[in-house]
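Trainee: Pasting in a structure now, in structure tokens, and then I'll have a few things to ask.
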Amino acid sequence: MKRIPQCDNTLGPLDFSKMHTVLVDVDVFNCGAGPIPQDGRDVWHNDFVKMPFSLSSYMKTGYTKQTNTVRWEVIYKQLRSLSKKTTASVKDLEDAIIKYNPKYKGQWSFDALSSLVKADPNGSNYSPKLFQKIAELALRLPELVKKAVPLLKRGHPAAITLSQTQIACLLANAFFCTYPHRNFSGPKAEYHNYPSINFTSLFGNASSRKKQKLRAIMHYFQEVTAKKLTGLVTFERRCLKETDLPNWRSSNKKMHKLHVASYGTIENEGKGMLQVDFASSWIGGGVLGSGLVQEEILFIINPELIVSRLFTEKLGDKECLIVTGSQQFSNYSGFGDTFEWKDPHEERLNRDEWARLQRQIVAIDALPFKHRSEQYNMNDVTRELNKAYCGFKGHQSNEPDIATGNWGCGAFNGDKQLKAVIQLMAAAQAKRGLAFFTFEDESLKQGLQQTYHLLVTERTTVDKLYSLLQNYCATQQAYGSAHVDLFELIRINFSPSKSLL
């Protein structure tokens with residue numbers, strides 16, 4: 001399979017454009033001096049992230065605007081006081097956070113964070129000085145992020161490149177719940193179409209899952225407050241126009257390369273490939289809650305991904321998010337209730353010309369189905385084809401192959417065989433190979449290998465598979481609860497004996 005080191009695309013000097021916002025000084029960076037924050041000004045506008053240090057962000061301390069307090073003054077006072085403590089407890093952290101979020105006094109719980117600290121007071125994931133260090137990092141926001149951060153809005157392709165230090169600072173502010181207007185989730189809330197970013201939901205309602213998540217988060221902050229970070233990370237929202245969509249009914253593309261493995265993971269064995277995040281349309285899914293399936297695990301071991309929740313609006317049907325350069329900080333074992341933080345991850349990837357680690361992740365959200373039978377209709381199948389194609393479509397001449405697996409087949413109730421065929425078709429249309437990990441499903445591995453071999457041998461094209469899926473969906477609907485085996489249907493329709501009739 002083709003991996004990033006084998007791809008010889010030349011980036012050229014780092015540059016910004018109307019569609020690419022760069023938060024570091026491009027001229028300084030291109031001279032080799034490393035990432036220095038780009039000068040700019042605060043913008044309190046609906047097209048940009050409303051920052052905690054904005055002079056337009058007030059706290060109600062009186063009945064008129066003139067008697068209210070600029071919120072950053074309160075944040076600064078609380079976090080500065082916290083940073084100067086010899087030791088800082090969870091109660092100290094809670095008191096500081098509630099001072100500038102007084103509406104939530106008595107509503108927000110910090111018991112999950114408390115249980116971690118009690119269980120590991122001086123262990124590998126927590127040290128008595130860590131809260132103070134995170135507070136110091138959070139307070140650097142006005143000096144580290146001077147340029148306004150645009151929102152990656154639906155229907156608008158755009159990219160943001162920022163330094164790892166800037167990401168760490170932004171996440172430190174998420175940890176201390178400083179972002180204004182981001183604690184409301186109702187339909188009338190200003191950011192109702194964005195994921196949550198403040199960490200309140202991670203701190204409360206203690207569970208073994210949250211304990212393990214917090215171990216990873218604490219390890220991340222231990223690392224970023226102790227070491228100098230030198231890299232950049234790019235977050236890019238890609239959108240397909242109607243004219244970009246393939247005509248699946250008439251596509252003559254043939255199957256591309258396929259490697260199937262029942263063991264191994266996308267992030268390890270798929271290293272150097274375009275790694276698929278089985279995403280929620282709300283990027284990151286339940287990473288700040290109790291969720292611990294593929295996407296949440298990916299975000300927990302690569303915490304820099306969490307910052308995408310700050311500026312990425314809910315993904316539309318023809319959109320994806322591609323993240324280039326994020327760093328893995330933790331190793332883990334298990335899945336869901338068996339997930340455990342294992343140990344620190346030693347990053348060995350090379351960096352590209354823009355100092356980004358050679359890791360590329362694409363977030364594509366599958367449709368969720370309450371009942372499995374709901375997915376067998378061509379409107380939904382076509383939607384999934386377009387979504388996968390949006391993520392798989394290359395934008396340069398020499399792109400790495402794709403590492404994927406049972407996309408949308410866990411909590412979203414997707415049919416493993418159908419989702420595998422959909423991804424095969426999308427990869428064929430994009431002319432990219434697939435490394436497919438079945439996560440210990442040996443039966444799926446063998447079935448997919450045999451099906452792929454038949455499709456290649458018979459030179460089956462995407463349009464023929466699309467036509468077969470139409471028949472398959474009609475058959476599934478006719479049979480109701482009885483399941484029709486898609487791989488078997490492909491074997492019957494495309495076997496050599498069938499083609500001779």
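The values are calculated or read from the model by the stated rules, or taken from the named source; none is laboratory data. These numbers were taken from a predicted model, which means no experiment stands behind them. Every residue, glycine as well, gets a Cβ built from its backbone with ideal geometry; the counts of neighbours run over all protein chains shown.
Residues are listed down the side, and each one gets a yes or a no for (1) out of contact with any helix residue (DSSP H, G or I) (no Cβ under 6 Å at 6 or more places or on another chain); (2) farther than 21 Å from F339 by Cβ; (3) surrounded by fewer than 22 Cβ atoms within 10 Å (Cβ to Cβ); (4) of a type in the set (K, R):
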| residue | (1), (2), (3), (4) |
| --- | --- |
| R237 | yes, yes, no, yes |
| K254 | yes, yes, yes, yes |
| H259 | yes, yes, yes, no |
| W282 | yes, no, yes, no |
| L288 | no, no, no, no |
| K314 | yes, yes, yes, yes |
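Trainee: Any residue in the stretch 172-199 that's more than 16 Å from E313 (Cβ to Cβ) and small (G, A, S): show its pairings with residues that are in a loop (DSSP other than H, G, I, E, B) and at pLDDT 95 or above at Cβ separation under 6 Å, as long as the two are six or more apart or on different chains.
Mentor: A174/I197; A174/N198; A174/F199
Trainee: Right, next: If the Cβ limit is 7 Å and pairs must be 6+ apart or interchain, which residue in the stretch 458-480 that is farther than 21 Å from R372 by Cα pairs with which residue that is among the small types (G, A, S) and surrounded by 19 or more Cβ atoms within 10 Å (Cβ to Cβ)?
Mentor: Once the first residue is farther than 21 Å from R372 by Cα and sits in the stretch 458-480, its partners that are among the small types (G, A, S) and surrounded by 19 or more Cβ atoms within 10 Å (Cβ to Cβ) give V462/A428.
Trainee: If you don't mind, another one. If you take the residues of the stretch 467-499 that are hydroxyl-bearing (S, T, Y) and within 22 Å of L385 (Cβ to Cβ), which of them is modelled with the lowest pLDDT?
Mentor: The qualifying residue modelled with the lowest pLDDT is T475.
Trainee: Further question: If you check I422 against the conditions, is it assigned to a helix (DSSP H, G or I) and within 18 Å of Y376 (Cα to Cα)?
Mentor: Criteria met by I422.
Trainee: Give G32, G40 a once-over and let me know the one that is free of Cβ contacts under 8 Å to residues at least 12 places away in the same chain and either under 26 Å from the mean Cα position of the chain (by Cα) or in a loop (DSSP other than H, G, I, E, B) (or both).
Mentor: It is G32.
Trainee: Where residues in the stretch 315-354 are free of Cβ contacts under 8 Å to residues at least 24 places away in the same chain and polar (S, T, N, Q), which of them is nearest to Y389 (Cα to Cα)?
Mentor: Selected residue: S333.
Trainee: Here are K188, K146, K213: which of them is modelled with pLDDT under 95 and basic (K, R)?
Mentor: Answer to the check: K188.
Trainee: Against the conditions (1) touching a Lys or Arg at 6+ places or on another chain (Cβ under 8 Å); (2) under 29 Å from W341 (Cβ atoms); (3) not in a loop (DSSP other than H, G, I, E, B), where does A159 fall short? Just the number, please.
Mentor: Only one criterion in (1) touching a Lys or Arg at 6+ places or on another chain (Cβ under 8 Å); (2) under 29 Å from W341 (Cβ atoms); (3) not in a loop (DSSP other than H, G, I, E, B) is unmet by A159, namely (2).
Trainee: Picking from Y76, Y104, which residue would you name as being buried (at least 17 other Cβ atoms within 10 Å of the Cβ), of a type in the set (F, W, Y), closer than 21 Å to R182 by Cβ and at pLDDT 90 or above?
Mentor: Going through Y76, Y104 in turn, the sole match is Y76.
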